[in-house]
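Undergrad: Can you read through this structure? Questions will come right after.
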Amino acid sequence: MFAIPGIAGTLLGAQLGLWTPSGNLLILFAGFMPVVGFLILKKNAYEHEVTSGSSNLVLLKKNTSLSGFSVGVLAGYFGIGGGFLAVPTIMYSSGPNIIQAIGASLVSVSSFGITTAARYFVSGQVDLIIAVLLIIGGVMGGYFGVKTSEKTPKENLSKVFAVVLFAVAAYIVIRTTTA
């Protein structure tokens, strides 16, 4: 319900991203990250569970599909897997806590990343050496991240995630404007 519409969105977003000058893309990305961070902090304030009534499930499916498409467009546009977008979006659209949303987002993030990478590869915009190094680092980081998240309270994990988004956004703005 999230990944398949998201793949369609990544194709659209990747094409839009290829048409956008890279400096503009970085600034837009840096401006978007704090928005996601604030939404995560806001979500923490009112955790909710989704009920299983049939009308709620129909609404959930519609919200989740539209959310998946939207996240796919943004993931493709910014040239990212979309995990930092998928996690809060899944939390908002379908109600799980951050640990459940992280787990649920992995299929979507993988499919978005592969679709976006393929589109950028076809356009000659992928450095394979850097890509392989990032994959190796991502696998190692993912392993240690899972071990750390198992020991960290969910409330703290959401806050840390939001702070990391703020810090990365600030770093991108500083690097982009001083380069």
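The values are calculated or read from the model by the stated rules, or taken from the named source; none is laboratory data. Keep in mind the model is a prediction, meaning the values are calculated, not measured. Here the Cβ positions follow ideal geometry from the backbone for every residue, glycine too, while neighbour counts run over all protein chains shown.
Undergrad: With (1) at pLDDT 85 or above; (2) of a type in the set (Gly, Ala, Ser); (3) on the phi < 0 side of the Ramachandran plot as the list, and Ser158 as the residue in question, which single condition is left unmet?
TA: The failed condition is (1).
Undergrad: Output the residue which, of all residues in the range 135-163 that are exposed (fewer than 14 other Cβ atoms within 10 Å of the Cβ) and touching a residue at least 60 places away in the same chain (Cβ under 8 Å), is farthest from Val36 (Cα to Cα).
TA: Glu155
Undergrad: Tell me which residues, restricted to the range 164-179, are of a type in the set (Val, Ile, Thr), surrounded by fewer than 12 Cβ atoms within 10 Å (Cβ to Cβ) and at pLDDT below 85. It would help to see each step written out before you state the result.
TA: Filtering the range 164-179 down to residues of a type in the set (Val, Ile, Thr) leaves 164, 168, 172-174, 176-178.
Remaining after also requiring surrounded by fewer than 12 Cβ atoms within 10 Å (Cβ to Cβ): 174, 177-178.
Selection gives Thr177, Thr178.
Undergrad: Specify which of the listed residues (Ser108, Ser93) is more than 17 Å from Val36 (Cα to Cα) and either crowded, with 24+ Cβ neighbours inside 10 Å or modelled with pLDDT of 85 or more (or both).
TA: Only one candidate passes the filter, namely Ser108.
Undergrad: If you don't mind, there's one more thing I want to ask. Taking Thr115 as the residue in question, decide whether it is surrounded by 16 or more Cβ atoms within 10 Å (Cβ to Cβ) and either acidic (Asp, Glu) or more than 18 Å from the chain's Cα centre (by Cα) (or both).
TA: Answer is no for this residue.
Undergrad: Of all the residues that make up the range 134-179, how many are within 28 Å of Leu25 (Cα to Cα) and among the polar types (S, T, N, Q)?
TA: Count: 4.
Undergrad: Within the range 124-149, can you find the residues that are under 16 Å from Ile80 (Cβ atoms) and polar (S, T, N, Q)?
TA: Within the range 124-149, Gln125 is the sole residue that qualifies.
To keep it simple, each residue is scored yes or no on (1) in contact with a His (Cβ under 6 Å, 6 or more places away or on another chain); (2) more than 19 Å from Val126 (Cβ to Cβ); (3) at pLDDT below 85; (4) in a helix (DSSP H, G or I).
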| position | (1), (2), (3), (4) |
| --- | --- |
| Val36 | no, yes, yes, yes |
| Ser52 | no, yes, yes, no |
| Ser55 | no, yes, yes, yes |
| Val58 | no, yes, yes, yes |
| Gly68 | no, yes, no, yes |
| Ala75 | no, no, no, yes |
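Undergrad: Being out of contact with any strand residue (DSSP E or B) (no Cβ under 7 Å at 6 or more places or on another chain) and farther than 23 Å from Gly31 by Cβ: is that true of Ile90 here? If you could, list the steps in order and put the result at the bottom.
TA: Details: out of contact with any strand residue (DSSP E or B) (no Cβ under 7 Å at 6 or more places or on another chain): yes; farther than 23 Å from Gly31 by Cβ: no.
Spelling it out, it is not the case that Ile90 is out of contact with any strand residue (DSSP E or B) (no Cβ under 7 Å at 6 or more places or on another chain) and farther than 23 Å from Gly31 by Cβ.
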